[in-house]
Amino acid sequence: MLFRHSSLRSHCLRPIGRLRCEARGAADGISALDGIMIEIEQLRFSYRDSVFRLHVPQLRIEDGQSVVVAGPSGSGKTTLLNLIAGILPAESGRILIDSTCITQLADPARRLFRLQQIGLVFQDFQLIDYLDVLDNVLLPCRIHPSVRLTDALRARAHDLLDAVGIRQHSRRSIVRLSQGERQRAALCRALLLSPRLVLADEPTGNLDPRNSGRMVELMLEETRRAGATLIMVTHDHSLLSRFDRTIPFESFLEHQESSG
Amino acid sequence: MTQAFYLAIRSLWWHRGRSLILIASLALTIWLPLTVRLALQQFRDEISQRAGSTPLVLGAVGSRMDLALHALYFEARPPSVITMRDARVVDESQLAAAIPLHIRFRTQSAPGVDGVPIVGTSPEYFEFRQLQPAQGELPALLGECILGSAYAERSGLKPGDTLLSAPENALNLAGNYPLQLQVSGVLSASHSPDDFAVFTDIQTAWVIEGIGHGHQEITKETDPTLLMENDSDRQGVTVNRGVLPYIEITEENRDSFHFHGDPDEFPLTAALAVPASDKSRVLLLGRYADTSGKVQCIQPPQVIAELLEMVFRIEQLVWICSLAAAVVTLLLLGLVLSLSLRLRATEMQTMFRLGCSRLTIVQLQSAELLILLLTAGTFAAAGGWLTVLAAGTAIRSLLF
């Protein structure tokens, strides 16, 4: 074991900023985290009234790596991503993201951490219908409790839209975009606040093979440019070769009866 | 919070059909009690102001409320009349100046223009109410009248035109005939019941009632059958019904108009009494404290205060009804918003998954609700103000 549970708990109850600073130090035994973006230890999760059991004994993902979690549809890959994002609370074990133990954070702190540190791209885009493209990209700023929407952020949003080739649609209603354009807008939203970690949940699930390839290239290019770590889950094996590392998901499952 | 408002506005605009329905129902819920309150406040202010500027009113014993409304608003005809002598007694007592009022007849209605009361009074009335002619001049001759501004505007009459009084009872052939009145002027607007009346000299009012009249000079008439009796001792003649009275007072026939009987016995429906001082007011009230007499003296502010108490009770009733309607609307609003939240579950889920705090989600919902309420409130306030402004007259006529 690389860490002592009691020591971690005491750190995890403190504010995020202090926890990160102390966790980065070698004093409490968590010394080997430099260069590691995600470290998962003995993570267990199950849904109520389901035989689905997820167990991740150990998983480390290096900073700046692009990782693909591969597995069949409905195997629970999204569950793992949601656990890493702090959307689902783990039953036991720990998840350290950039030295912050998110499994021990309270719900409000976990939300804030997610908003600040993690960019999320969802399979079904989850864009807001009543906002135009630019406002959808700027949404993380608008719901952030402390980030102010500055001209610099607007310029960044425009740059991102430019990079993915939909700047000309910035004031268009999101419902008038094609699937591919929506997914690109969703990627821009995920990258707006320059997150250290981007989690993409089958972002190519609704795209044709040609657009899937382009979308993945775009994501890899943009996350590399931003210096972010990318974890993408997919069931499309044709995309695996483009990533630095592939993690087969089946090894984490103890039992499964239905999709996760 | 600025961002919450921005997102709320975008959301409301996106769902503008639903937003409009919510705003309309909320606005109506606010508008009704607000308008009633504003209208009653206006009514209260006007009626209090008019009553406050009228210290005392003399009239026949009976309903004090009817007498006050009659003398102040030219409505609610009193059950009986007083005489010119009653007014003269007050005048001669030096306690107050009496202003006679004779309000029994109305002008004839025309298409789109209802008849208004014809107020027979003395020139002191115009001075007391601070009424000035905007056009023409005050009535100086028998058969002349001056129009209230609102009536002049509605009827389109101007100085030099004529108007007809309405007969008290069109089926009574023996009753008084309509008299054609000459318009001598139009009063400037006073925003009071005076704007909705026609004023004549008290003697003209008596002519309309038939107490004074003008007719052919019988003694010079060649047709001897019209003259039934010529009593040179009493300097009077008796003529038959073949002699028609004049129904218009003109330059030529004005001198032929005359009154029969003792002028002190001529009727007044009321008289305003303007006391010389507080002491005089108290003394005058004391003189009429005996309720067994035929004349009573009332203090309009006191009588109107009693009326306002009743209005206050009506207002309370309206408030209770409005409160019930508001509760129902708010419950419906709650239902609509909760259903809307259910419809927007995906959106909320997105916010949550991105890391939006519960507080921010509450702020978003609150901002939407606040915008709906503020918009509805603004519309209701503007609507209420416009309604009272536009329908002030209608509300007044409805209340009286």
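Computed from the coordinates by the stated procedures, all read-outs in this text should not be read as laboratory data. Please read all numbers here as calculations on a predicted model, not as lab measurements. Cβ atoms come from the backbone with ideal geometry, glycine included; neighbour counts cover every protein chain shown.
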Check: Under 18 Å from the Cα of B:LYS279, which aspartates and glutamates turn up, not counting those fewer than eight places away in the same chain?
Finding: B:ASP91, B:GLU92
Notebook entry, point to check: Mean separation of Cα pairs under 8 Å and 6+ residues apart, divided by the residue count of chain B: what relative contact order is that in percent?
Noted result: 29 percent
Next item on the list: State the antiparallel share, in %, of DSSP beta bridges confined to the protein assembly as shown, rounding to the nearest 5.
Entry: 65 percent
Item checked: log₁₀ of I(q)/I(0) at q = 0.07, 0.10 Å⁻¹ - the protein assembly as shown, Debye sum with one point per alpha carbon -> -0.65, -0.94
Next item on the list: Would you grab the residues whose amide H sits under 5 Å from the one on B:GLU248? Only those 5+ places off in sequence or on another chain, please, with H modelled 1.01 Å from N.
Entry: B:GLN180
Notebook entry, point to check: What nm distance separates the two modelled labels at A:ARG48 and B:ARG287, each placed 7 Å from Cα along Cα→Cβ?
Noted result: 9.1 nm
Next item on the list: Only residues of region B:43-86 count here: report those whose backbone N is under 18 Å from the spot 7 Å along Cα→Cβ of B:ALA166, or say none.
Entry: B:70, B:73-78
Item checked: Rh (Kirkwood; distinct C-alpha pairs) - region A:132-233, Å -> 13.8 Å
Item checked: Residues B:ARG358 and B:GLN108, FRET efficiency given R0 of 51 Å [Cβ-Cβ distance, rounded to 0.05] -> 0.10
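Say R0 is 51 Å: what FRET efficiency, to the nearest 0.05, do B:LYS294 and B:LEU386 get from their beta-carbon distance? Write out the running numbers ahead of the final one.
Details: r = 48 Å, r/R0 = 0.94.
That gives a FRET efficiency of 0.60.
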Notebook entry, point to check: If each of B:ASP278 and A:SER194 carries a label point 7 Å out from its Cα toward its Cβ, how far apart are those two points in nm?
Noted result: 8.1 nm
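Between B:LEU337 and B:THR2, what is the FRET efficiency for a Förster distance of 22 Å, r being their Cβ-Cβ separation, to the nearest 0.05?
Values: r = 22 Å, r/R0 = 1.00.
Calculated transfer efficiency: 0.50.
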Note to self: Under a crude label model (7 Å from the Cα following the beta-carbon direction), how far is B:ASP91 from B:GLN349 in nanometres?
What the structure shows: 9.1 nm
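What is the sum of charges, Lys and Arg at +1 and Asp and Glu at -1, for the other residues whose Cβ falls under 11 Å from the Cβ of A:ILE87? All intermediate terms of the calculation are to be shown ahead of the outcome.
On the way: positive: A:ARG110, A:ARG111, A:ARG114, B:ARG353; negative: A:ASP107, A:ASP201.
Local net charge: +2.
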Item checked: Charge tally in the Cβ shell below 13 Å around B:ARG358, where Lys, Arg are +1 and Asp, Glu are -1, B:ARG358 excluded -> +1
Check: For region A:156-239, with the dipole built from +1 on Lys and Arg beta-carbon atoms and -1 on Asp and Glu ones, taken about the Cα centre, which of A:ALA226, A:SER170, A:VAL198 lies farthest toward the positive end?
Finding: A:SER170
Next item on the list: Please get the size of the charge dipole for chain B, origin at its Cα centre, with Cβ charges of +1 on Lys and Arg and -1 on Asp and Glu, quoted in debye to the nearest 20.
Entry: 3260 debye
